[in-house]
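Please read the structure below before turning to the comments.
The values are calculated or read from the model by the stated rules, or taken from the named source; none is laboratory data. Everything numeric in this text was worked out from a predicted model, so none of it was measured. All Cβ positions, glycine included, derive from the backbone under ideal geometry; neighbour counts span all protein chains shown. The protein model used for the area step is the full one, side chains on, heavy atoms only, and it has no ligands, DNA or RNA in it. Shrake-Rupley method; radii C 1.70, N 1.55, O 1.52, S 1.80 Å.
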Amino acid sequence: MRAYRPDPVPDAVIREVFDLARLAQSGTNSQPWHVAVVSGAACDDLRNRLCERFDAGHPGGRDFERPSEPLPDAVMERRRACGYSYYATMGVERSDREGRARIARKNYELFGAPHAAFFSMPLVLGLSSGVDMGILLQTVTLLMVERGIGSIAQGALAQYPDTVREVASIPEQNGIVFGLSFGYEDPDALINTVRMPREPLEAVTSFVS
Ligand SMILES: Cc1cc2nc3c(=O)[nH]c(=O)nc-3n(C[C@H](O)[C@H](O)[C@H](O)COP(=O)(O)O)c2cc1C
């Protein structure tokens, strides 16, 4: 979901989601995760700070480096197709740099959501703990679906970690892996009509017997 109603999710429901999600599996039960949830005035404050950074053209910098390019062709193609179908729904041409920036900015507007959560893990940890973080993310988002709460995972929210640290409580030795904006869906928003395709079973799975 990339557009939200302003009404907050009750505290008790948010706590229940994260309380259940912490029961998720992780390699060697290491539970490398920490989640910092930001709501209310703090969330608005963070939204403003992030947008200020984005508008100033600040390049930011991630706690965990992104893979260096070139990426495999199939991955690049799907990434591009994801961006373009999103722009097309919003009536933005590929050549319209300003329009694309306007859409990218929505990440830092937290898509208008009343809450954001920042998923972090110790900086010294690597890929296998990143997998655990993904498992936690999926667990959280499914628990939210079950309660009628929409969400959007955002790698973009790892781009300005220092700004996030000004507002959210991130453990000192941790790096931010991704963020998650969440709240109740705005059912009238065009942006929420985007549907992303998936590869067929045969393309992503093989069976030998
Ligand atoms: C770890 C992760 C990071 C993501 N980062 C972003 C992001 O920064 N901005 C965004 O708009 N969507 C982001 N997404 C959403 C994906 O683009 C989306 O899940 C994908 O296109 C499939 O679409 P669907 O979830 O609507 O089926 C992210 C998803 C995941 C799992």
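Data for the structure
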{"quantity": "Residue within the stretch 67-78 that is within 21 Å of residue 179 (Cβ to Cβ) and at pLDDT below 95 present", "calculated": "yes"}
{"quantity": "Number of positions in the stretch 132-165 that are in a helix (DSSP H, G or I), more than 9 Å from the ligand (Cβ to nearest atom) and closer than 15 Å to residue 63 by Cα", "calculated": "5"}
{"quantity": "Some residue of the stretch 57-78 being surrounded by 13 or more Cβ atoms within 10 Å (Cβ to Cβ), more than 17 Å from residue 152 (Cβ to Cβ), of a type outside the set (A, V, I, L, M) and in contact with a strand residue (DSSP E or B) (Cβ under 7 Å, 6 or more places away or on another chain)", "calculated": "yes"}
{"quantity": "Close pairs from the stretch 191-203: first open to solvent by 70 Å² or more (accessible area, probe 1.4 Å), partner modelled with pLDDT under 95, Cβ under 7 Å, at least 6 apart", "calculated": "193/89"}
{"quantity": "Filter result for residue 111 (surrounded by 14 or more Cβ atoms within 10 Å (Cβ to Cβ) and either part of a helix (DSSP H, G or I) or acidic (Asp, Glu) (or both))", "calculated": "yes"}
{"quantity": "Given (1) touching an Asp or Glu at 6+ places or on another chain (Cβ under 9 Å); (2) closer than 30 Å to residue 98 by Cβ, index of the condition residue 57 fails", "calculated": "(1)"}
{"quantity": "Flag for residue 125 being buried (at least 17 other Cβ atoms within 10 Å of the Cβ), aliphatic (A, V, I, L, M) and more than 15 Å from the ligand (Cβ to nearest atom)", "calculated": "yes"}
{"quantity": "The stretch 25-41, subset loosely packed, with under 15 Cβ neighbours inside 10 Å and of a type in the set (Gly, Ala, Ser), residue nearest to residue 15 (Cα to Cα)", "calculated": "40"}
